1. Identify, by number, the condition in (1) assigned to a loop (DSSP other than H, G, I, E, B); (2) buried (at least 22 other Cβ atoms within 10 Å of the Cβ) that A:Pro355 doesn't meet.
2. Taking only region B:59-112 into account, find how many residues are closer than 19 Å to B:Met126 by Cα and part of a helix (DSSP H, G or I).
3. Looking only at region A:384-422, filter to residues that are of a type in the set (Ser, Thr, Tyr) and farther than 20 Å from A:Gly38 by Cα; which one of those is farthest from the chain's Cα centre (by Cα)?
4. If you take the residues of region A:232-254 that are in contact with a strand residue (DSSP E or B) (Cβ under 8 Å, 6 or more places away or on another chain) and of a type in the set (A, V, I, L, M, F, W, C), which of them is nearest to A:Lys271 (Cα to Cα)?
5. State yes or no: is A:Phe391 buried (at least 24 other Cβ atoms within 10 Å of the Cβ), free of Cβ contacts under 8 Å to residues at least 40 places away in the same chain, assigned to a strand (DSSP E or B) and not polar (S, T, N, Q)?
6. Across region B:47-67, what is the number of residues that are at pLDDT below 75 and surrounded by 21 or more Cβ atoms within 10 Å (Cβ to Cβ)?
7. Hey, any hits in region A:213-221 for a residue that's in the same structural domain as A:Gly250 (by TED's automatic domain parsing) and either under 26 Å from A:Gly109 (Cα atoms) or part of a helix (DSSP H, G or I) (or both)?
8. Exactly one condition in (1) away from every other protein chain (no Cβ under 12 Å); (2) in contact with a Gly (Cβ under 8 Å, 6 or more places away or on another chain); (3) buried (at least 22 other Cβ atoms within 10 Å of the Cβ) is not met by B:Leu196; state its number.
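The values are calculated or read from the model by the stated rules, or taken from the named source; none is laboratory data. These numbers were taken from a predicted model, which means no experiment stands behind them. We place every Cβ from the backbone using ideal geometry, glycine too, and count neighbours over all the protein chains shown.
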Amino acid sequence: MKLDRRGFLGTGVAVAAALAAPMVLAGGHGKPRVVVVGGGAGGATAARYIAKDSNGEIDVTLIEPTRTYYTCFFSNLYLGGLRDMSSLGHTYGAMAFQGVNVVHDWAIGVDRDAKVVALAGGGRVPYDKLILSPGIDFREEAVQGWDLSSQNAMPHAYKAGSQTELLKAQVEAIPQGGIFAMVAPPNPFRCPPGPYERVSMVAHYFKNNNPTAKIIIFDPKPAFSKQALFTDGWSRHYSGMIDWINPDFGGKVDEVRPGSMEVVADGEVVKVDACNVIPAMKAGLIAEQAGVTNEAGWAPVDPHTMASRADENIYVLGDSSQQGDMPKSGFSANSQAKVCAMAVRGALTGSSIFPARFANTCWSLIETNDGVKVGASYEATDEKIAKIDGFISQVGEDDATRAATYEESVGWYAGITADMMG
Amino acid sequence: MLVNTRAIFFVLPALLLGFASPVLSDDHAGTGAQLFQSCISCHEIGPDARNKVGPPLNGIIGSPAANSEGFRYSRALVARAEAGLVWDEAALDDFMANPSAFIPGTRMSFSGVRKKSDRAALLAFMATLVPETGLGVAHLEPGDPEVTPEILAIEGNVEYGKYLSATCVTCHQASGKSDGIPPIINWPAPAFVTVLHAYRSKARDNQVMQQIAGTLSDEEIAALAAYYESIQP
């Protein structure tokens with residue numbers, strides 16, 4: 001899906017040509033203009049809230065290349081066979097009806113002096129306030145031997161859509177007793193429990209279709225999100241199937257070889273039947289192109305408003321932002337988007353601004369009806385978005401509690417997608 | 001709150017009796033709850049409602065007149081009660097319109113609710129009050145702690161409530177649609193306040209709701225309640 005962004009990047013010539021092209025929006029009507037880049041949990045929410053709450057006083061344009069947005073959250077359930085791909089797809093018609101000007105194109109450059117976004121299709125979109133919510137991109141050379149040209153042999157499936165479908169097909173093609181490998185990412189990355197929920201869902205599939213298959217997780221981290229809950233669940237549901245290798249025991253991958261389906265870790269070559277490489281991440285490329293990212297690859301923001309520390313007219317939401325204590329999740333992005341929408345409306349129309357508050361919950365499914373969750377609430381300090389207090393599911397909860405947690409996550413999915421898309 | 005292993009949806013005698021009168025329309029309960037704030041200084045509602053200047057009004061609709069034990073009713077009202085007066089909507093509507101005209105000699109020193117639409121809203125709200133607890137509709141569970149009349153009387157800022165609701169709508173859909181998480185629009189404010197306080201005090205055990213409610217002050221809960229009460233389906 002969003003991978004194609006790189007295809008559009010390349011040449012400065014294209015960017016220069018785009019900046020010279022005619023305006024997409026007719027100017028001169030005097031309304032303040034907000035442009036949002038990226039129609040996921042952060043951007044879609046921000047665009048819709050600004051349009052909805054400004055009663056036509058602000059022009060809102062959303063730039064999103066895909067006509068159907070597939071949520072990364074819940075895509076592991078598709079891998080496990082518990083959800084259809086179509087149930088993860090969401091379109092922008094309702095949002096357009098609610099007053100958001102939806103442009104399906106790639107944003108390929110930001111001219112911060114002229115306050116114009118350049119589109120791959122040649123258009124230019126002027127803004128008074130720009131909101132960037134482009135999700136993640138992958139770091140070059142993060143895993144030796146892997147780059148985007150090898151994503152078909154070793155999918156990342158960390159942007160939902162065709163990559164997810166490809167990974168599912170590869171899991172299903174693993175011969176009886178074969179090996180599924182995952183190269184897990186280093187911190188920080190999108191959806192901290194995501195890789196481990198994915199392993200759970202692949203194990204769920206194996207249990208019913210390929211019970212002698214094995215799963216190896218090569219992890220560069222000594223610990224991971226909800227670790228006690230996952231390892232307890234794995235031993236209860238998938239005993240002997242999953243091998244998590246932490247860096248002390250050779251989890252750090254030296255190299256992957258997509259051509260021969262090999263993973264080299266701690267000097268040892270492991271031949272596998274399918275390999276999910278989730279590389280190290282950074283902010284979506286447009287944030288980097290706009291010049292609002294730091295050396296670590298993320299975009300530092302003001303916790304009170306989500307405004308970029310580098311440019312007061314640019315806001316960065318969700319995975320791309322470096323904000324403090326919130327995990328990179330769809331829930332977080334949605335929460336940040338509402339604070340940002342309020343701040344942007346306040347700046348442009350003088351509407352009320354209340355103190356920022358944020359919340360996040362991450363639900364994960366370990367096995368059918370065995371759901372767990374972790375969550376917290378947050379406040380803005382001058383330094384960062386700071387955690388106030390949090391909770392996590394407990395090992396040993398009864399079946400009814402776990403089933404209720406799963407059902408709650410299903411309700412959340414319906415709720416957040418309705419909140420994003422209208 | 002989750003899904004319903006423990007949520008007990010009361011079947012309300014009051015609701016079964018209610019809505020027979022043409023003056024009532026059932027979407028007025030929210031407005032009625034706001035209007036009812038002026039009644040609270042004399043009439044308590046809630047699990048521990050007691051006789052004050054006036055009798056408590058838990059489950060008032062459909063109940064026989066003058067039946068709050070220990071309350072000193074006027075002779076006139078006692079006489080009407082002995083003659084079989086029941087507080088159905090029609091009788092309460094007449095009484096609220098002008099108490100001393102409906103019951104000459106009543107001790108209720110209140111000139112009346114002039115507007116028929118206000119009375120209809122009040123009746124719709126009172127129809128949601130459960131006899132035992134005085135708190136309404138299908139939202140309460142046994143074990144929800146009592147909330148004091150002072151807390152119930154806090155006037156919520158609707159605009160602030162709308163902002164705060166941004167946290168709620170990620171799970172509880174703004175449209176009132178439900179897919180595994182209960183809808184919360186158009187609840188009477190007293191019920192909304194009571195339920196959030198129950199999560200904040202951890203009398204209810206959903207972790208997400210405990211977390212969210214734990215960050216809210218009494219005023220913020222009142223603001224959310226006022227906002228949600230105003231949202232029609």
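1. With (1) assigned to a loop (DSSP other than H, G, I, E, B); (2) buried (at least 22 other Cβ atoms within 10 Å of the Cβ) applied to A:Pro355, the lone miss is (2).
2. Of region B:59-112, the ones closer than 19 Å to B:Met126 by Cα are B:59-68, B:85-99, B:108, B:110, B:112.
Narrowing further to those that are part of a helix (DSSP H, G or I): B:89-97, B:99.
Qualifying residue count, region B:59-112: 10.
3. A:Thr401
4. Among those residues, the one meeting the criterion is A:Val253.
5. Working: buried (at least 24 other Cβ atoms within 10 Å of the Cβ): no; free of Cβ contacts under 8 Å to residues at least 40 places away in the same chain: yes; assigned to a strand (DSSP E or B): yes; not polar (S, T, N, Q): yes.
No: the conditions fail for A:Phe391.
6. Residues in region B:47-67 being at pLDDT below 75 and surrounded by 21 or more Cβ atoms within 10 Å (Cβ to Cβ): 0 in total.
7. Narrowing region A:213-221 to residues in the same structural domain as A:Gly250 (by TED's automatic domain parsing): A:213-221.
After this cut, where a residue has to be either under 26 Å from A:Gly109 (Cα atoms) or part of a helix (DSSP H, G or I) (or both) as well, the list is none.
No, region A:213-221 contains no residue that is in the same structural domain as A:Gly250 (by TED's automatic domain parsing) and either under 26 Å from A:Gly109 (Cα atoms) or part of a helix (DSSP H, G or I) (or both).
8. (2)
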